[in-house]
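Chemist: Encoded as C-alpha coordinates, here's the structure I'll be asking about.
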Amino acid sequence: MRILHIAAHMGGGIGAAYAGLGDCGQKQSILLLEPPQDAASLTRVREAGFRVIKGAGTLEAEQELRQADAVVFSWHHHPALTKFLHDIPSIPIRSILWCHVSGNYFPAIPADFVKKFDQCMFATPYSLGLPQIQGLGTAYMQEHFQVVYGLNALDRFAQIQRSPHKQFTIGYVGTMGFCKLHPEFVGFCAAVRLPDARFLMVGTHSTRNELLNAAVKNGIEGQFQFCGQLSDVTKPLAQMDIFSYLLNPQHFGATENALLEAMAAGLPVVALDQCVERHIIRDGETGLLVHSPEEYGVAVRRLYENPSRAAELGANAQSDILQSYSLRRNRERFVSSCERAVTRPKRIHSFGDFFTGGPADWFLTCAGPDRSCFAENYPEKAGLIFQEQTKGSPTHYYTYFPEDERLMRWARKMQGGDRA
(Lines give C-alpha, C1' and ligand atoms only; values in the text may rest on other atoms or scores of the structure.)
Protein backbone atom coordinates (compact mmCIF):
# COMPACT_ATOMS: atom_id res chain seq x y z
CA MET A 1 0.00 0.00 0.00
CA ARG A 2 0.98 3.57 -0.62
CA ILE A 3 -0.01 5.46 2.53
CA LEU A 4 0.04 9.24 2.62
CA HIS A 5 -0.04 10.94 6.03
CA ILE A 6 -1.21 14.56 6.25
CA ALA A 7 0.14 16.35 9.33
CA ALA A 8 0.22 19.96 10.44
CA HIS A 9 3.75 19.74 11.80
CA MET A 10 6.39 17.39 13.17
CA GLY A 11 6.49 17.77 16.95
CA GLY A 12 7.83 15.27 19.47
CA GLY A 13 4.54 13.45 20.04
CA ILE A 14 3.49 12.98 16.45
CA GLY A 15 7.10 12.27 15.53
CA ALA A 16 7.16 9.39 18.01
CA ALA A 17 3.90 8.05 16.57
CA TYR A 18 5.27 8.02 13.03
CA ALA A 19 8.62 6.54 14.05
CA GLY A 20 6.74 3.76 15.82
CA LEU A 21 4.84 2.93 12.64
CA GLY A 22 7.85 3.02 10.35
CA ASP A 23 8.53 -0.68 10.02
CA CYS A 24 5.04 -1.85 9.02
CA GLY A 25 5.86 -3.13 5.53
CA GLN A 26 4.08 -0.31 3.68
CA LYS A 27 5.32 2.61 1.58
CA GLN A 28 4.64 5.68 3.70
CA SER A 29 4.96 9.39 3.02
CA ILE A 30 4.17 12.40 5.20
CA LEU A 31 2.95 15.70 3.77
CA LEU A 32 3.78 18.42 6.31
CA LEU A 33 1.62 21.54 6.18
CA GLU A 34 4.12 23.73 8.04
CA PRO A 35 7.85 23.61 8.90
CA PRO A 36 8.80 20.80 11.32
CA GLN A 37 9.11 21.86 14.97
CA ASP A 38 11.51 19.16 16.07
CA ALA A 39 14.57 18.40 13.93
CA ALA A 40 15.39 15.30 15.98
CA SER A 41 11.92 13.86 15.39
CA LEU A 42 12.19 14.60 11.69
CA THR A 43 15.46 12.68 11.54
CA ARG A 44 13.99 9.70 13.40
CA VAL A 45 10.97 9.59 11.13
CA ARG A 46 13.13 9.61 8.02
CA GLU A 47 15.35 6.90 9.49
CA ALA A 48 12.18 4.85 10.08
CA GLY A 49 11.61 4.82 6.32
CA PHE A 50 9.23 7.70 5.69
CA ARG A 51 9.44 10.05 2.76
CA VAL A 52 8.80 13.54 4.15
CA ILE A 53 7.33 16.24 1.90
CA LYS A 54 7.74 19.80 3.17
CA GLY A 55 6.23 22.93 1.67
CA ALA A 56 4.32 21.17 -1.08
CA GLY A 57 2.48 23.38 -3.52
CA THR A 58 -1.07 22.73 -4.65
CA LEU A 59 -0.12 20.66 -7.69
CA GLU A 60 2.32 18.48 -5.74
CA ALA A 61 -0.23 17.93 -2.96
CA GLU A 62 -2.86 16.93 -5.53
CA GLN A 63 -0.45 14.46 -7.12
CA GLU A 64 0.30 12.89 -3.75
CA LEU A 65 -3.41 12.52 -2.99
CA ARG A 66 -4.06 10.86 -6.36
CA GLN A 67 -1.24 8.34 -5.98
CA ALA A 68 -2.06 7.27 -2.42
CA ASP A 69 -4.03 4.10 -1.71
CA ALA A 70 -5.02 5.53 1.68
CA VAL A 71 -4.70 9.04 3.15
CA VAL A 72 -4.30 9.32 6.93
CA PHE A 73 -5.10 12.69 8.51
CA SER A 74 -3.33 13.22 11.86
CA TRP A 75 -5.83 15.38 13.68
CA HIS A 76 -5.80 17.47 16.83
CA HIS A 77 -7.85 20.48 15.64
CA HIS A 78 -4.82 22.33 14.27
CA PRO A 79 -5.92 25.29 12.11
CA ALA A 80 -3.57 24.35 9.25
CA LEU A 81 -5.15 20.90 8.92
CA THR A 82 -8.64 22.36 9.28
CA LYS A 83 -7.95 24.67 6.33
CA PHE A 84 -6.48 21.80 4.32
CA LEU A 85 -9.61 19.73 4.89
CA HIS A 86 -11.89 22.65 4.09
CA ASP A 87 -10.05 23.33 0.83
CA ILE A 88 -9.25 19.73 -0.12
CA PRO A 89 -9.34 19.32 -3.91
CA SER A 90 -12.02 17.24 -5.61
CA ILE A 91 -9.78 14.20 -5.96
CA PRO A 92 -11.12 10.73 -5.07
CA ILE A 93 -9.30 9.33 -2.02
CA ARG A 94 -9.75 6.80 0.75
CA SER A 95 -9.66 8.75 4.02
CA ILE A 96 -8.63 7.75 7.53
CA LEU A 97 -8.90 10.05 10.54
CA TRP A 98 -6.24 9.50 13.23
CA CYS A 99 -7.39 11.31 16.39
CA HIS A 100 -4.48 12.34 18.60
CA VAL A 101 -6.73 13.78 21.32
CA SER A 102 -9.03 11.89 23.64
CA GLY A 103 -12.11 14.08 23.10
CA ASN A 104 -12.59 14.27 26.87
CA TYR A 105 -13.03 18.05 26.76
CA PHE A 106 -11.46 20.26 24.09
CA PRO A 107 -10.95 19.55 21.26
CA ALA A 108 -14.22 17.64 21.23
CA ILE A 109 -14.62 14.89 18.61
CA PRO A 110 -17.96 15.49 16.84
CA ALA A 111 -19.63 12.35 15.49
CA ASP A 112 -20.57 14.16 12.27
CA PHE A 113 -16.89 14.93 11.70
CA VAL A 114 -15.81 11.34 12.28
CA LYS A 115 -18.41 10.07 9.82
CA LYS A 116 -16.89 12.16 7.02
CA PHE A 117 -13.99 9.67 6.88
CA ASP A 118 -13.91 6.11 5.59
CA GLN A 119 -12.15 4.85 8.72
CA CYS A 120 -11.19 6.34 12.08
CA MET A 121 -8.30 5.47 14.40
CA PHE A 122 -8.42 6.65 18.00
CA ALA A 123 -5.23 6.94 20.06
CA THR A 124 -6.97 5.61 23.17
CA PRO A 125 -9.88 3.23 23.86
CA TYR A 126 -11.26 5.96 26.12
CA SER A 127 -12.53 7.79 23.02
CA LEU A 128 -14.70 4.82 22.08
CA GLY A 129 -16.73 5.43 25.23
CA LEU A 130 -17.58 9.05 24.44
CA PRO A 131 -21.38 9.48 24.29
CA GLN A 132 -21.38 10.85 20.74
CA ILE A 133 -19.21 7.97 19.53
CA GLN A 134 -21.34 5.38 21.32
CA GLY A 135 -24.36 7.00 19.69
CA LEU A 136 -23.16 5.80 16.29
CA GLY A 137 -24.01 2.24 17.29
CA THR A 138 -22.09 -0.98 17.78
CA ALA A 139 -22.24 -2.09 14.15
CA TYR A 140 -20.86 1.21 12.84
CA MET A 141 -18.11 1.24 15.46
CA GLN A 142 -16.99 -2.28 14.67
CA GLU A 143 -16.84 -1.57 10.95
CA HIS A 144 -15.16 1.83 11.04
CA PHE A 145 -13.11 2.23 14.24
CA GLN A 146 -9.74 1.00 15.46
CA VAL A 147 -7.45 1.96 18.35
CA VAL A 148 -3.95 2.86 17.16
CA TYR A 149 -1.75 4.38 19.83
CA GLY A 150 0.58 7.22 18.99
CA LEU A 151 3.44 5.54 20.82
CA ASN A 152 7.18 5.19 20.75
CA ALA A 153 9.28 2.06 21.22
CA LEU A 154 8.97 1.27 24.93
CA ASP A 155 11.47 -1.58 25.21
CA ARG A 156 14.39 0.77 25.78
CA PHE A 157 12.73 2.14 28.91
CA ALA A 158 12.65 -1.35 30.38
CA GLN A 159 16.47 -1.31 30.24
CA ILE A 160 16.76 1.64 32.63
CA GLN A 161 18.78 0.83 35.74
CA ARG A 162 17.92 2.67 38.95
CA SER A 163 20.43 5.44 39.67
CA PRO A 164 21.60 5.87 43.30
CA HIS A 165 20.22 9.04 44.88
CA LYS A 166 19.90 10.34 48.42
CA GLN A 167 16.38 11.77 48.45
CA PHE A 168 13.13 9.90 47.97
CA THR A 169 12.12 11.21 44.54
CA ILE A 170 8.60 11.74 43.23
CA GLY A 171 8.79 12.55 39.53
CA TYR A 172 6.71 14.04 36.74
CA VAL A 173 7.47 14.21 33.02
CA GLY A 174 5.27 16.13 30.62
CA THR A 175 3.54 19.38 29.80
CA MET A 176 3.75 21.92 32.61
CA GLY A 177 0.89 24.10 31.41
CA PHE A 178 -2.22 23.89 33.55
CA CYS A 179 -4.32 22.84 30.60
CA LYS A 180 -2.54 19.48 31.13
CA LEU A 181 -1.08 19.58 34.64
CA HIS A 182 -3.60 19.70 37.48
CA PRO A 183 -4.10 23.34 38.59
CA GLU A 184 -3.81 22.21 42.23
CA PHE A 185 -0.71 20.10 41.60
CA VAL A 186 1.26 21.70 44.41
CA GLY A 187 -1.60 21.13 46.85
CA PHE A 188 -1.38 17.41 46.08
CA CYS A 189 2.38 17.53 46.67
CA ALA A 190 1.91 19.28 50.01
CA ALA A 191 -0.43 16.49 51.12
CA VAL A 192 2.46 14.01 50.88
CA ARG A 193 4.03 15.44 54.06
CA LEU A 194 7.47 13.88 53.57
CA PRO A 195 9.96 16.69 54.33
CA ASP A 196 12.92 14.77 52.90
CA ALA A 197 11.25 13.96 49.56
CA ARG A 198 11.87 15.93 46.38
CA PHE A 199 9.56 16.57 43.45
CA LEU A 200 11.51 16.21 40.21
CA MET A 201 9.79 18.07 37.35
CA VAL A 202 10.77 17.38 33.74
CA GLY A 203 9.29 19.60 31.04
CA THR A 204 9.25 23.15 29.76
CA HIS A 205 9.31 25.84 32.44
CA SER A 206 6.04 27.43 31.32
CA THR A 207 4.45 27.41 34.79
CA ARG A 208 7.60 27.20 36.93
CA ASN A 209 6.95 30.53 38.68
CA GLU A 210 3.32 29.65 39.43
CA LEU A 211 4.34 26.27 40.81
CA LEU A 212 7.09 27.79 42.97
CA ASN A 213 4.77 30.52 44.29
CA ALA A 214 2.25 27.86 45.30
CA ALA A 215 5.07 25.81 46.85
CA VAL A 216 6.12 28.83 48.95
CA LYS A 217 2.57 29.20 50.24
CA ASN A 218 2.55 25.52 51.19
CA GLY A 219 6.02 25.64 52.75
CA ILE A 220 7.56 23.08 50.37
CA GLU A 221 9.46 25.33 47.93
CA GLY A 222 12.78 23.66 48.80
CA GLN A 223 11.46 20.27 47.66
CA PHE A 224 11.01 21.16 43.97
CA GLN A 225 13.68 20.57 41.33
CA PHE A 226 13.08 21.58 37.70
CA CYS A 227 15.03 19.87 34.91
CA GLY A 228 13.52 21.67 31.93
CA GLN A 229 12.72 20.02 28.60
CA LEU A 230 15.00 17.05 27.88
CA SER A 231 15.47 15.13 24.64
CA ASP A 232 16.24 11.99 26.67
CA VAL A 233 14.24 11.38 29.87
CA THR A 234 15.88 8.07 30.79
CA LYS A 235 18.30 9.72 33.24
CA PRO A 236 15.64 11.48 35.38
CA LEU A 237 13.42 8.39 35.24
CA ALA A 238 16.32 6.38 36.67
CA GLN A 239 16.35 8.71 39.69
CA MET A 240 12.64 8.44 40.48
CA ASP A 241 11.10 6.26 43.17
CA ILE A 242 7.50 7.11 42.24
CA PHE A 243 6.00 8.55 39.08
CA SER A 244 3.27 11.07 39.88
CA TYR A 245 0.81 11.81 37.09
CA LEU A 246 -1.68 14.39 38.31
CA LEU A 247 -3.47 15.86 35.31
CA ASN A 248 -6.19 18.42 34.81
CA PRO A 249 -9.54 16.54 34.66
CA GLN A 250 -10.17 18.38 31.37
CA HIS A 251 -6.88 17.41 29.75
CA PHE A 252 -6.81 16.41 26.09
CA GLY A 253 -4.17 13.65 26.22
CA ALA A 254 -4.72 10.34 24.48
CA THR A 255 -1.85 7.84 24.32
CA GLU A 256 0.05 9.51 27.20
CA ASN A 257 3.57 8.46 26.22
CA ALA A 258 5.15 9.92 29.35
CA LEU A 259 3.00 7.68 31.54
CA LEU A 260 3.66 4.60 29.40
CA GLU A 261 7.41 5.25 29.44
CA ALA A 262 7.47 5.55 33.23
CA MET A 263 5.52 2.32 33.63
CA ALA A 264 7.75 0.56 31.09
CA ALA A 265 10.69 1.72 33.23
CA GLY A 266 9.18 -0.20 36.15
CA LEU A 267 8.14 2.82 38.21
CA PRO A 268 5.15 2.62 40.54
CA VAL A 269 2.63 5.22 39.40
CA VAL A 270 0.12 7.28 41.36
CA ALA A 271 -2.44 9.05 39.15
CA LEU A 272 -5.93 10.46 39.31
CA ASP A 273 -8.84 8.11 38.63
CA GLN A 274 -10.05 9.80 35.45
CA CYS A 275 -10.03 9.97 31.65
CA VAL A 276 -7.34 8.05 29.81
CA GLU A 277 -5.43 7.23 32.98
CA ARG A 278 -7.99 4.70 34.17
CA HIS A 279 -7.71 2.91 30.82
CA ILE A 280 -3.95 2.54 31.21
CA ILE A 281 -3.63 1.80 34.94
CA ARG A 282 -5.37 -1.06 36.75
CA ASP A 283 -5.81 0.27 40.25
CA GLY A 284 -3.95 -1.79 42.84
CA GLU A 285 -2.32 -3.98 40.18
CA THR A 286 -0.26 -1.81 37.83
CA GLY A 287 -0.48 1.47 39.75
CA LEU A 288 -2.63 3.43 42.17
CA LEU A 289 -5.56 5.68 41.26
CA VAL A 290 -6.67 8.37 43.69
CA HIS A 291 -9.41 10.98 43.92
CA SER A 292 -8.12 13.78 46.16
CA PRO A 293 -4.97 15.34 47.63
CA GLU A 294 -5.58 13.41 50.85
CA GLU A 295 -5.78 10.06 49.02
CA TYR A 296 -2.72 10.98 47.00
CA GLY A 297 -0.72 11.78 50.13
CA VAL A 298 -1.71 8.50 51.75
CA ALA A 299 -0.84 6.50 48.62
CA VAL A 300 2.62 8.06 48.28
CA ARG A 301 3.45 7.62 51.97
CA ARG A 302 2.44 3.96 51.84
CA LEU A 303 4.76 3.34 48.91
CA TYR A 304 7.51 5.24 50.72
CA GLU A 305 7.04 3.05 53.80
CA ASN A 306 6.68 -0.19 51.83
CA PRO A 307 9.37 -0.45 49.12
CA SER A 308 8.44 -4.06 48.34
CA ARG A 309 4.88 -3.01 47.47
CA ALA A 310 6.25 -0.20 45.30
CA ALA A 311 8.54 -2.65 43.51
CA GLU A 312 5.64 -5.05 42.95
CA LEU A 313 3.48 -2.36 41.35
CA GLY A 314 6.38 -1.23 39.18
CA ALA A 315 7.13 -4.76 37.98
CA ASN A 316 3.45 -5.40 37.19
CA ALA A 317 3.24 -2.11 35.30
CA GLN A 318 6.32 -2.90 33.23
CA SER A 319 5.09 -6.35 32.25
CA ASP A 320 1.61 -5.11 31.35
CA ILE A 321 2.75 -2.09 29.33
CA LEU A 322 5.34 -3.97 27.29
CA GLN A 323 2.72 -6.54 26.33
CA SER A 324 -0.33 -4.32 25.82
CA TYR A 325 1.43 -1.46 24.02
CA SER A 326 3.90 -3.32 21.85
CA LEU A 327 4.90 -1.70 18.56
CA ARG A 328 4.14 -4.90 16.69
CA ARG A 329 0.51 -4.98 17.81
CA ASN A 330 0.13 -1.26 17.19
CA ARG A 331 1.46 -1.58 13.65
CA GLU A 332 -0.88 -4.51 12.98
CA ARG A 333 -3.89 -2.44 14.03
CA PHE A 334 -2.72 0.48 11.89
CA VAL A 335 -2.29 -1.70 8.79
CA SER A 336 -5.64 -3.37 9.47
CA SER A 337 -7.40 -0.01 9.47
CA CYS A 338 -5.70 0.97 6.21
CA GLU A 339 -6.60 -2.37 4.61
CA ARG A 340 -10.25 -1.90 5.55
CA ALA A 341 -10.21 1.51 3.90
CA VAL A 342 -8.62 0.13 0.75
CA THR A 343 -11.47 -2.36 0.29
CA ARG A 344 -13.71 0.60 -0.52
CA PRO A 345 -13.58 2.57 -3.78
CA LYS A 346 -12.01 5.99 -3.70
CA ARG A 347 -14.48 8.86 -3.46
CA ILE A 348 -14.50 12.65 -3.46
CA HIS A 349 -14.72 14.15 0.03
CA SER A 350 -16.31 17.48 0.86
CA PHE A 351 -15.23 18.50 4.35
CA GLY A 352 -16.61 21.94 3.63
CA ASP A 353 -19.98 20.40 4.44
CA PHE A 354 -18.76 20.13 8.04
CA PHE A 355 -16.49 23.18 8.27
CA THR A 356 -19.11 25.68 7.16
CA GLY A 357 -19.00 29.45 7.58
CA GLY A 358 -15.71 31.20 8.39
CA PRO A 359 -12.61 30.25 10.44
CA ALA A 360 -14.30 31.23 13.72
CA ASP A 361 -17.03 28.71 12.94
CA TRP A 362 -14.38 26.09 12.13
CA PHE A 363 -12.84 26.66 15.56
CA LEU A 364 -16.25 26.35 17.23
CA THR A 365 -16.90 22.90 15.73
CA CYS A 366 -14.78 21.36 18.48
CA ALA A 367 -15.43 23.81 21.33
CA GLY A 368 -17.78 21.34 23.00
CA PRO A 369 -19.70 22.53 26.09
CA ASP A 370 -17.80 25.85 26.16
CA ARG A 371 -19.15 26.88 22.77
CA SER A 372 -21.72 29.13 24.47
CA CYS A 373 -18.91 31.16 26.09
CA PHE A 374 -17.81 32.25 22.64
CA ALA A 375 -21.29 32.59 21.18
CA GLU A 376 -22.16 34.99 24.02
CA ASN A 377 -18.77 36.76 23.72
CA TYR A 378 -17.46 35.70 27.12
CA PRO A 379 -14.47 33.62 25.97
CA GLU A 380 -12.53 34.37 29.15
CA LYS A 381 -15.03 32.15 30.99
CA ALA A 382 -14.03 29.11 28.96
CA GLY A 383 -11.62 26.46 30.27
CA LEU A 384 -7.89 26.91 30.72
CA ILE A 385 -6.95 25.16 27.50
CA PHE A 386 -8.65 27.90 25.48
CA GLN A 387 -6.09 30.37 26.88
CA GLU A 388 -3.20 28.52 25.22
CA GLN A 389 -1.26 30.13 22.39
CA THR A 390 -1.54 26.89 20.39
CA LYS A 391 -3.48 23.60 20.80
CA GLY A 392 -6.35 24.74 18.57
CA SER A 393 -7.23 27.71 20.79
CA PRO A 394 -8.84 30.96 19.54
CA THR A 395 -5.40 32.61 19.59
CA HIS A 396 -3.97 29.72 17.58
CA TYR A 397 -6.71 30.04 14.95
CA TYR A 398 -6.35 33.83 14.91
CA THR A 399 -2.65 33.56 14.02
CA TYR A 400 -3.69 31.61 10.91
CA PHE A 401 -6.77 33.67 10.09
CA PRO A 402 -6.04 37.26 11.25
CA GLU A 403 -8.78 38.65 9.04
CA ASP A 404 -11.49 36.93 11.10
CA GLU A 405 -12.98 39.56 13.42
CA ARG A 406 -14.57 37.10 15.85
CA LEU A 407 -11.29 35.23 16.33
CA MET A 408 -9.54 38.56 16.86
CA ARG A 409 -12.06 39.62 19.49
CA TRP A 410 -11.92 36.27 21.31
CA ALA A 411 -8.12 36.12 21.22
CA ARG A 412 -7.81 39.61 22.66
CA LYS A 413 -10.26 38.85 25.43
CA MET A 414 -8.53 35.56 26.24
CA GLN A 415 -5.24 37.46 26.56
CA GLY A 416 -6.80 40.16 28.73
CA GLY A 417 -6.44 42.90 26.13
CA ASP A 418 -10.14 43.63 25.64
CA ARG A 419 -12.63 43.25 28.46
CA ALA A 420 -15.30 45.40 26.86
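The values are calculated or read from the model by the stated rules, or taken from the named source; none is laboratory data. Everything numeric here is computed off the predicted structure, so don't read it as measured data. Reconstructed Cβ throughout: ideal geometry from the backbone, glycine too, with neighbour counts over all protein chains shown. Remember, those area values only see protein heavy atoms, side chains included, never the ligands or the DNA or RNA. Shrake-Rupley method; radii C 1.70, N 1.55, O 1.52, S 1.80 Å.
Chemist: When the Karplus curve 6.51 cos²θ - 1.76 cosθ + 1.60 is applied with θ = phi - 60°, which whole-Hz ³J(HN,Hα) does each residue of the range 390-402 get, with x for Gly and Pro?
Modeler: Result, ordered by residue: 10, 6, x, 6, x, 5, 4, 5, 5, 5, 8, 10, x Hz.
Chemist: Here's another thing I want to ask about it. Rounding to the nearest 10 and keeping the result within 0 to 90°, find how far the Cα-based axis of helix 293-305 lies from the longest principal axis of the chain.
Modeler: 60
Chemist: Taking Cα pairs under 8 Å and at least six residues apart, what relative contact order does the chain come out at, in percent?
Modeler: Values: 787 pairs, mean separation 75.0, N = 420.
So the answer I get is 18 percent.
Chemist: Among the trypsin sites (Lys or Arg not before Pro) in the range 113-179, which ones are in a DSSP loop with at most 15 other Cβ atoms within 10 Å of the Cβ? Mind listing them?
Modeler: Sites meeting the loop and neighbour criteria: 115, 162, 166.
Chemist: Magnitude of the Cβ-charge dipole of the range 237-386, K/R +1 and D/E -1, about the Cα centre, nearest 20 debye?
Modeler: 800
Chemist: Quick one: how many Å² of residue 165 are accessible to a 1.4 Å probe, rounded to 10?
Modeler: Spelled out: residue 165, probe radius 1.4 Å, area about 60 Å².
Chemist: Let me ask something additional. When Lys and Arg each count +1 and Asp and Glu each count -1, what net charge do the other residues less than 11 Å away from residue 359, Cβ to Cβ, add up to?
Modeler: Value of the local net charge: -2.
Chemist: About its Cα centre, how strong a charge dipole does the chain have in debye, to the nearest 20, once Lys and Arg get +1 and Asp and Glu get -1 at the Cβ?
Modeler: Taking the Cα centre of the chain as origin, the dipole is about 520 debye.
Chemist: Here's something else I'd like to know. Quick one: of 115/346; 83/116; 115/413, which pairs are farther than 22 Å apart, Cα to Cα?
Modeler: With Cα atoms farther than 22 Å apart: 115/413.
Chemist: Can you sort 207, 175 by 1.4 Å-probe accessible area, starting with the largest?
Modeler: My answer, sorted largest first, is 175, 207.
Chemist: Separate question: Antiparallel as a % of all DSSP beta bridges within the chain, to the nearest 5?
Modeler: Numbers: 2 of 46 bridges.
Given both bridge residues lie in the chain, the antiparallel proportion sits at roughly 5 percent.
Chemist: I've got another one for you. For the chain, set up a Gaussian network in which alpha carbons nearer than 10 Å are linked by springs, and say which option among 23, 273, 353 fluctuates the most.
Modeler: Greatest mean-square fluctuation among the candidates belongs to 353.
Chemist: Sort the range 8-109 into rounded, prolate or oblate with this rule: let a ≥ b ≥ c be the square roots of the eigenvalues of the Cα gyration tensor; rounded if a/c is under 1.5, and if a/c is not under 1.5, prolate when a/b is larger than b/c, oblate otherwise.
Modeler: Verdict is rounded for the range 8-109.
Chemist: May I pose another question? Out of 105, 117, 20, whose Cα points farthest toward the positive end of the dipole of the chain (charges: +1 Lys, Arg; -1 Asp, Glu; placed on Cβ)?
Modeler: Ranked along the dipole, the leading option is 20.
Chemist: Here is a further query. When the Karplus curve 6.51 cos²θ - 1.76 cosθ + 1.60 is applied with θ = phi - 60°, which whole-Hz ³J(HN,Hα) does each residue of the range 235-243 get, with x for Gly and Pro?
Modeler: Each residue's phi maps through the Karplus curve to give 5, x, 4, 5, 9, 8, 9, 9, 9 Hz.
Chemist: Tell me which of 317, 296, 355 sits at the most positive position along the dipole axis of the range 290-355, charges placed on C-beta atoms (Lys, Arg +1; Asp, Glu -1).
Modeler: The Cα lying farthest towards the positive end belongs to 355.
Chemist: Here is a follow-up. Helix-only mean residue ellipticity at 222 nm, the chain, DSSP H runs n ≥ 4 weighted -39,500 (n - 2.57), per residue, nearest 500. What is it?
Modeler: Value at 222 nm, helices only, nearest 500: -10500 deg cm²/dmol.
Chemist: Helix 58-67: angle to the longest alpha-carbon principal axis of the chain, degrees 0 to 90, nearest 10?
Modeler: The angle comes out at about 90 degrees.
Chemist: Then there's this: With a 1.4 Å probe and every protein chain kept in, tell me what percent of the accessible surface of the chain is carbon plus sulfur.
Modeler: Carbon and sulfur: 48 percent of the exposed surface of the chain.
Chemist: While we're looking at this one, here's another question. Residue by residue through the range 124-131, which ³J(HN,Hα) values in whole Hz follow from phi under the Karplus form 6.51 cos²θ - 1.76 cosθ + 1.60 (θ = phi - 60°), with glycine and proline marked x?
Modeler: Ordered by residue, 3J(HN,Hα) equals 7, x, 4, 4, 5, x, 4, x Hz.
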